[in-house]
Structures are given as C-alpha cells and as structure tokens.
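Novice: Here it is, the structure, as structure tokens.
What follows is calculated from the coordinates using simple rules that are stated; it is not laboratory data. What you see is a predicted model, and the numbers here were worked out from it, not measured in a lab. Reconstructed Cβ throughout: ideal geometry from the backbone, glycine too, with neighbour counts over all protein chains shown.
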Amino acid sequence: MLFSLILTACSSDNFGEIYDAEDQNAGLPYYGELLQLQAHYSDLPDPADCEKLGYDLQNSESPIAANLVKMQNTDLVDNVFDLLNPEEIIYIRESDGSLTFAGVSYLVKEFSSDGGVNGAYTPPQGFTGDHDAWRFDGTLSAYRLNVWIGIDNPEGVFAWNAPASSSNTTMIP
C-alpha cells in the first residue's frame, strides 16, 4: 500500500508547516527534507516489520498522547541527526485497536557546544531553518523532535503533541 500525505498545518511558525506540492508556500526551507522523509516512509512497514529493522516496542505511556505507540531503535540513538534514520517510528492506536502510522521521532543525545565547560547544551541542527521544535527529554538525556508525516496534526508537522486520533489521515492511492 502506498502511503502519502498532504498536511496543511494551521500552526505558528514555531512548529513548521508542510503543504501540498501545489501550494504556493512549498518553498519553506525544510519542505524538500519533509518530502524526502515522506517518500522514504511511503511504504512504511507495520510494527512487526519494524522489529525486523531493529525497532522495539516502547512503553506506551507517553506524556504527549495516551494512544501513542512508539517503536525505537536504540542502536540509532547517538549525537547525530540522520534525516532518513529516525530513532523512533510513531503509531496512533485507534479506538478499534488498529495502528495507524503517525510519524517519526528523532532522539539526539545532548552535546555541549562548548565542550561541557559551562554546561552549555544546545538543541541539534535538524531540518533546514529554525522551524523544528526540539524538546529535551531528561529521562534519555537527549533532545527529541517529533515529525508528523503520516497524519495531519493541526498543531503542525513539528508539534510536540500528537492529535487524539488519525481520523484526518490523508491516504492517496
């Protein structure tokens, strides 16, 4: 099944937006990277296939959504942002128990911009521009960036929170 999406986010610039390729705003600095990521995951494996790729089911109690299911590849968690190799794949558990691909999450271990001398830790450079919204996850000592490329998130493609369901998922044959 070919998975694609058209996200039209109604958020502030803090969380970024992705538009249909026909949209006049497709020139945003990170747009090409989102399309590349989206194409890479257009035929996304189901959770069982994700396990074969090294992803393991994580604790489903998420601070950003109770119905979130995350698969994490701990071998990928390092201090490098790698566009096509996110550390987590995110699914939304629907009311019927099925899982819908929601997006990916990057985890980049904290690193010091000054060698740790003054404890000056800064979020990593991820997508082009300053629209991505990295958050520090103290339990993992890593910065986290969610990218909602499988569902329409009204808060934006880089929003921290997940929508309640994927009822607004756009499937294109």
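Novice: State, to one decimal in nm, how far the label point of ALA26 lies from the label point of ASP96, with both points 7 Å from Cα in the Cβ direction.
Specialist: The two pseudo-label positions are separated by 3.3 nm.
Novice: Using the per-residue mean of other Cβ atoms lying within 10 Å as a proxy for protection, in what order, highest first, do the peptides 67-78, 32-43 fall? Write down the numbers at each step before the final one.
Specialist: Details: 67-78: 17.5, 32-43: 15.7.
Top of the packing list down: 67-78, 32-43.
Novice: Could you tell me the calculated FRET efficiency between GLN58 and SER141, based on Cβ-Cβ distance and R0 = 22 angstrom, to the nearest 0.05?
Specialist: Details: r = 16 Å, r/R0 = 0.74.
Calculated transfer efficiency: 0.85.
Novice: Determine the gain in length on full extension of the stretch GLN36-THR122; use 0.36 nm per residue of separation and subtract their C-alpha separation, reporting nm with one decimal.
Specialist: Contour length minus the Cα-Cα distance gives 28.4 nm.
Novice: At a Förster radius of 22 Å, what calculated FRET efficiency corresponds to the Cβ-Cβ distance of VAL77 and ASP46, to the nearest 0.05?
Specialist: FRET efficiency, VAL77 to ASP46: 0.50.
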